[in-house]
Amino acid sequence: MNDNMDSDEVQQTDGSALEESTSSPNQRMTRYQILTLMSIASVNFSSMICYSILGPFFPQEAVKKGASQTVIGLIFGCYALCNLMGSLVLGKYIVQIGAKFMLISGLFVSSVCTILFGLLDKVPDGATFIILCFIIRSVDAVGFSAAMTSSFAVSAKVFPNNIATVLGSLEIFTGLGLILGPPIGGWLYQSFGYEVPFMALGCFLFLMVPFNMYILPSFAADPSKDSFFRLFTHLKIVLICFAIFTLSSGLGFLDATLSIYAIDTFDLSPGYVGLLLLGLSLPYCLASPLLGIISDRFPSTRPWFMVLGGLFTATGFWFLGPVPILQIKRSAFVIVSVNVLLVLLLLLTRSQYDTIFVSSQLWLVVFMLGIIGFSLSMTAIPTFPEILDCAYENGFEEGLSTLGLVSGLFGAVWSFGMFCGPTLGGFITQQLSFEWAASVQGGLDFLAAFFLGVYFLCQRTRQERAPQIQNERPSDEATHLLT
């Protein structure tokens with residue numbers, strides 16, 4: 001009974017708790033904030049672990065059921081497209097729907113779809129299987145977009161002075177879900193068959209529904225007349241969205257092509273390919289909280305984090321293949337790089353070290369994946385607070401409605417990149433090579449960093465000239481008055 005009363009008090013006094021949190025960003029978190037943080041962390045982890053279990057075994061199962069490689073790619077791609085549309089619509093109407101209801105209903109829909117996906121091995125082969133895959137995957141994407149759009153908006157509302165810090169910390173749980181999903185799903189598939197991975201993780205996601213119904217406070221807000229089109233009238237937001245697009249397209253490109261490239265080029269087993277992908281996600285998870293804290297305490301560093309992160313990401317993709325025209329050979333730098341990488345790859349034996357690292361350029365691939373993972377966090381963490389600040393500076397109302405718009409915009413652009421990255425990257429890889437596809441992806445990251453750098457330099461120049469112009473105006477007015 002006391003717990004229910006405490007929960008009601010949290011919901012009724014969320015406005016006062018919010019005022020306390022905005023007044024002093026360095027004070028201890030309130031119970032209201034702790035409960036919200038626990039809720040969003042559980043949503044990020046459970047949603048991502050269910051999202052990432054398909055990779056290790058679903059493609060081969062789909063081939064057995066009569067699906068071609070093209071159809072399998074479309075099944076994965078439709079998820080991103082439906083996520084895009086869902087993010088835009090739900091972000092616009094988050095106030096009318098309710099942030100808490102949107103998050104909980106999104107979790108419920110995703111959990112049911114995950115369980116239903118585990119029953120698809122019972123349906124007839126061919127068209128029936130393929131159509132049901134598209135339907136369930138599309139509905140699942142809408143549920144996922146509802147949960148993630150609401151989680152971004154709620155995080156920003158509850159922690160208005162520490163947005164980057166909180167988002168960076170929550171990326172730990174996002175990364176853990178992405179890291180643990182494939183090995184857990186693969187182990188359950190090998191041990192118990194096709195159904196069990198989806199049933200187990202779907203039920204786990206379903207348990208998050210009552211958990212979040214209990215601990216997540218309610219949020220009241222008034223709807224706004226602002227729209228996504230008004231956001232896109234500002235050049236800064238457009239350029240940041242292009243940077244977000246390049247980030248997600250790069251991740252989607254690696255998801256679709258890196259494992260095949262590593263197996264064909266270096267003759268790695270699937271287990272070592274999973275270890276290879278850890279070199280991308282681990283630096284991202286570790287760097288995100290630190291970069292979030294720096295971004296909040298020193299907001300002036302955010303623009304240059306995005307620029308430098310984009311340049312480092314471009315460099316990582318260019319050297320990942322590497323670019324065919326570079327024709328990189330082994331050098332003395334290999335010795336240092338290999339010694340560092342062996343700390344992270346202790347599962348390799350001495351003989352494997354000699355045959356894999358010394359006789360090939362796998363060291364370069366792993367090293368560049370680490371750089372890409374770190375630089376992705378440099379670029380991604382400041383984007384949300386920068387878009388939000390730009391919206392507030394240009395007259396958007398401070399509240400849940402604007403937060404929903406920004407969250408929906410972020411999710412839509414990210415989903416569009418996750419669709420284009422595997423599609424275009426796979427096409428270029430098939431027509432030319434993985435090296436050229438990675439080079440094109442690096443070129444996109446460089447363009448995003450270059451455009452942002454030019455914009456921020458011009459903005460800084462205008463800000464430096466503004467005081468001079470203001471100081472000159474009074475003297476001119478005084479001269480006219482004396483005349």
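Screening Ala164, Ala141, Ala146 for residues that are in contact with a Phe, Trp or Tyr (Cβ under 6 Å, 6 or more places away or on another chain) and either touching a residue at least 40 places away in the same chain (Cβ under 8 Å) or assigned to a helix (DSSP H, G or I) (or both) leaves exactly one candidate, Ala141.
Tell me yes or no: at least one residue of segment 116-134 is more than 22 Å from Phe416 (Cα to Cα) and within 20 Å of the chain's Cα centre (by Cα).
No: segment 116-134 contains no residue that is more than 22 Å from Phe416 (Cα to Cα) and within 20 Å of the chain's Cα centre (by Cα).
Confirm whether Leu107 is within 23 Å of Thr402 (Cα to Cα) and at pLDDT 85 or above. It is true that Leu107 is within 23 Å of Thr402 (Cα to Cα) and at pLDDT 85 or above. Taken together, the residues in segment 76-112 that are under 14 Å from Asp140 (Cα atoms) and either touching a residue at least 60 places away in the same chain (Cβ under 8 Å) or within 18 Å of the chain's Cα centre (by Cα) (or both) amount to 20. Would you mind stating whether Ile40 is within 18 Å of the chain's Cα centre (by Cα) and assigned to a helix (DSSP H, G or I)? Here the answer is yes, as Ile40 does meet what is asked.
In this entry, Leu342 is excluded by the filter for residues that are of a type in the set (A, V, I, L, M), assigned to a helix (DSSP H, G or I), more than 24 Å from Leu457 (Cβ to Cβ) and at pLDDT 80 or above. Residue pairs whose Cβ atoms lie under 9 Å apart, sitting 6 or more positions apart in sequence or on different chains, and linking a residue in segment 294-305 that is surrounded by 14 or more Cβ atoms within 10 Å (Cβ to Cβ) to a partner that is of a type in the set (Phe, Trp, Tyr), are Ile294/Phe305; Ser295/Phe305; Pro303/Tyr455; Pro303/Phe456; Trp304/Phe456.
Looking at segment 51-58, can you tell me whether even one residue there is at pLDDT 80 or above, within 27 Å of Met213 (Cβ to Cβ) and assigned by the TED database to the domain that holds Thr165? No: zero hits.
Just to be sure before I move on: is Ala391 open to solvent by less than 10 Å² (accessible area, probe 1.4 Å) and either over 25 Å from Asp296 (Cα atoms) or in contact with an Asp or Glu (Cβ under 7 Å, 6 or more places away or on another chain) (or both) in the structure I sent? Working first, answer last.
Values: open to solvent by less than 10 Å² (accessible area, probe 1.4 Å): yes; either over 25 Å from Asp296 (Cα atoms) or in contact with an Asp or Glu (Cβ under 7 Å, 6 or more places away or on another chain) (or both): no.
No; evaluated as a whole, the condition is false for this residue.
The values are calculated or read from the model by the stated rules, or taken from the named source; none is laboratory data. Fair warning: this is a prediction, and the values are worked out from it, not measured in the lab. In this analysis, Cβ positions are derived from the backbone assuming ideal geometry, glycine residues included, and neighbour counts consider all displayed protein chains. For accessibility, only protein heavy atoms count, side chains too; no ligands or nucleic acids. Shrake-Rupley method; radii C 1.70, N 1.55, O 1.52, S 1.80 Å.
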